[in-house]
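K.L.:
First the structure, then my questions, so here it is.
Coordinate-derived values only; no laboratory data. None of the values given here were measured: they were computed from a predicted structure. Because the Cβ atoms are built from the backbone with ideal geometry, glycine has one as well, and the counts that use them run over all protein chains shown.
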Amino acid sequence: MKEHGMKTYRIAAIPGDGIGKEVVPAGQAVLQALAAAQGNFNFEFTSFDWGGDYYREHGVMMPEDGLDALRGMDAILFGSAGDPHIPDHITLWGLRLKICQGFDQYANVRPTRILPGIKSPLGRCKREDLNWVIVRENSEGEYSGVGGRVHQGHPIEVATDVCMMTRVGVERIMRFAFRLAQSRPRRLLTVVTKSNAQRHAMVMWDEIALQISSEFPDVAWDKVLVDACTDRMVNRPASLDTLVATNLHADVLSDLAAALAGSLGIAPTGNIDPERRYPSMFEPIHGSAFDIMGQGLANPVGTFWSGVMMLEHLGEVAAAQRLMRAIEAVTANPALRTRDLGGQAGTEEVTNAVCRLLAQDDAQQAIAG
């Protein structure tokens, strides 16, 4: 029986574009089923219709004061940003990055591991060899937004994008990454760099990594050039555990990581404000995938796993573990794999299966109790 006055989490649901409009409602359904099974908290979802359709009507991806509507939320569940009829820099900067930077969600966390039943394209890779968390600096670096264009359309046109790094920005992401590595069993951190070619900002990046490492003597760490890191991910996956990289480098590496784990469709991410001044945002990394939009083919597992990260952030660890068990049971079942995983199941079928498993888990626990 549910207790009177239980905790209610206020969640902003922003489906965005493409298959985001399918996987976010699927994520809401699963989270509601989980709350019903747990019986000790509720979710109150508020949906926002921001994205490409909103842009076509209003000329902006989200209202200018949109952050104010999100500020009081406990977390944000996001789908995807991207519309083939709107330039990508408008969809990204007008919605997702506006939220990330507006709420200083400076730590982008991307766990990657091979889920049960899923086969990695790395033939020699065992499940235990690939269990990584990539920490991406999410507020500055190559995506700081500093730069501009002048003399457009003329032979002397100039366009610049400045990779801007600040000491406070690098120190805080390094400290976050070392602390995360410290919390994991292997206590191993790899700092990704490119300081051989980028001789100012990346050299400072390396220097600050060394400085912060002295605060975590129980964490073993090494440094690797970003190009060499791709080789390690493919040929020596077990040599990696927690990684920290710049905004651009981690963006690329995390997509490679998801592909090596079986599919971008299953990969989650959290855009975290570690100081909890603002709501953090959780999303699958797969993008808007307009080619399969509206066909019921989208893999919702990335959204469900993002929900696990959201629950962990909210402190609902037992509920997070229960949802992860249901996800793993689904991926282990060949009949419940979507097309990106070589199966034929659809979004609704996978969603219903996870909801049923959550209810069964509840019943099993009641019997055991």
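K.L.:
For the chain, which DSSP H helices look membrane-span-like by this rule: Cα extent along the axis of 30 Å or more and mean Kyte-Doolittle of at least -0.5? Don't skip to the end; give the middle numbers.
P.N.:
Working: long enough: 347-368 (32 Å, -0.09).
Taking the DSSP H segments of the chain (at least 30 Å long, mean hydropathy at least -0.5), we get 347-368.
K.L.:
Per-residue counts of other Cβ atoms within 10 Å, averaged by peptide: what ranking do you get for 310-317, 189-196, highest first?
P.N.:
Details: 310-317: 18.6, 189-196: 21.1.
Sorting 310-317, 189-196 by mean packing, highest first, produces 189-196, 310-317.
K.L.:
Taking a quarter of the surface of the Cα convex hull of the chain, what do you get in nm²? Mind dumping the intermediate values first?
P.N.:
On the way: hull surface 82.5 nm².
For the chain, the mean projected area of the Cα convex hull comes to 20.6 nm².
K.L.:
Each label point is 7 Å from the Cα along the Cα-to-Cβ direction; what then is the distance between the points at Arg127 and Thr230, in nm?
P.N.:
For Arg127 paired with Thr230, the spin-label model returns 3.0 nm.
K.L.:
Right, another one. Taking 35 Å as R0, compute the FRET efficiency from the Cβ-Cβ separation of Ala335 and Arg56 and round it to 0.05. Walk me through the numbers before you get to the answer.
P.N.:
On the way: r = 39 Å, r/R0 = 1.12.
With R0 = 35 Å, the Cβ-Cβ based efficiency is 0.35.
K.L.:
How long is the gain from Ser239 to Glu207 if the chain were fully straight, where each residue apart is worth 0.36 nm and the alpha carbon distance is subtracted?
P.N.:
Numbers: separation 32, 0.36 × 32 = 11.52 nm, distance 2.28 nm.
Additional length available on full extension: 9.2 nm.
K.L.:
Determine, for Ile114, Ile292, the number of other Cβ atoms within 10 Å of each Cβ, and report the residues in order from fewest to most. Before the final figure, lay out the partial values.
P.N.:
Working: Ile114 22, Ile292 18.
Final ranking by Cβ density, sparse to dense: Ile292, Ile114.
K.L.:
Let me ask something additional. Considering only DSSP beta bridges where both residues belong to the chain, give the percentage that are antiparallel (nearest 5).
P.N.:
Values: 20 of 48 bridges.
In the chain, approximately 40 percent of DSSP beta bridges are antiparallel ones.
K.L.:
For Glu348 and Ala159 in the same chain, what is the full-extension length gain: residue separation times 0.36 nm, less their Cα-Cα distance, in nm? Walk me through the numbers on the way to the answer.
P.N.:
Details: separation 189, 0.36 × 189 = 68.04 nm, distance 4.53 nm.
So the chain would gain 63.5 nm between Glu348 and Ala159.
K.L.:
What are the residues whose amide H is under 5 Å from the amide H of Arg71, where those residues sit 5 or more places off or on another chain and H is modelled from the backbone?
P.N.:
none
K.L.:
Starting from the Cα of Leu67, step 7 Å toward the Cβ, then list every residue of segment 100-115 with an amide N under 19 Å from that point.
P.N.:
Only 100-108 pass the distance filter.
K.L.:
I'd like the per residue volume of the convex hull spanned by the Cα atoms of segment 120-261, given in cubic angstrom.
P.N.:
122 Å³
K.L.:
So for the chain, taking the charge dipole from beta-carbon charges (+1 Lys/Arg, -1 Asp/Glu), which of Ala335, Val109, Asn235 sits furthest toward the positive end?
P.N.:
It is Asn235, whose Cα lies furthest towards the positive end.
K.L.:
Among Ile266, Gly294, Gly27, whose Cα sits farthest toward the positive end of the charge dipole of the chain (+1 at Cβ of Lys/Arg, -1 at Cβ of Asp/Glu, about the Cα centre)?
P.N.:
Selected residue: Ile266.
K.L.:
With +1 assigned to the C-beta of every Lys and Arg and -1 to the C-beta of every Asp and Glu, and no other charges, what is the dipole magnitude of the chain about the Cα centre in debye, to the nearest 20? It would help to have the intermediate numbers written out before the result.
P.N.:
Details: 35 positive and 44 negative charges, 224 e Å.
So the dipole magnitude of the chain works out to roughly 1080 debye.
K.L.:
By counting other Cβ atoms within 10 Å of each Cβ, how are Ile118, Ile99 ranked from fewest to most?
P.N.:
On the way: Ile118 19, Ile99 23.
Going from least to most buried by this count: Ile118, Ile99.
K.L.:
Next up: Which order results if Arg339, Arg110, Arg325 are arranged by neighbouring Cβ count within 10 Å, fewest first? The partial results should precede the final answer.
P.N.:
On the way: Arg339 16, Arg110 23, Arg325 13.
Ordered from fewest to most neighbouring Cβ atoms within 10 Å, Arg339, Arg110, Arg325 come out as Arg325, Arg339, Arg110.
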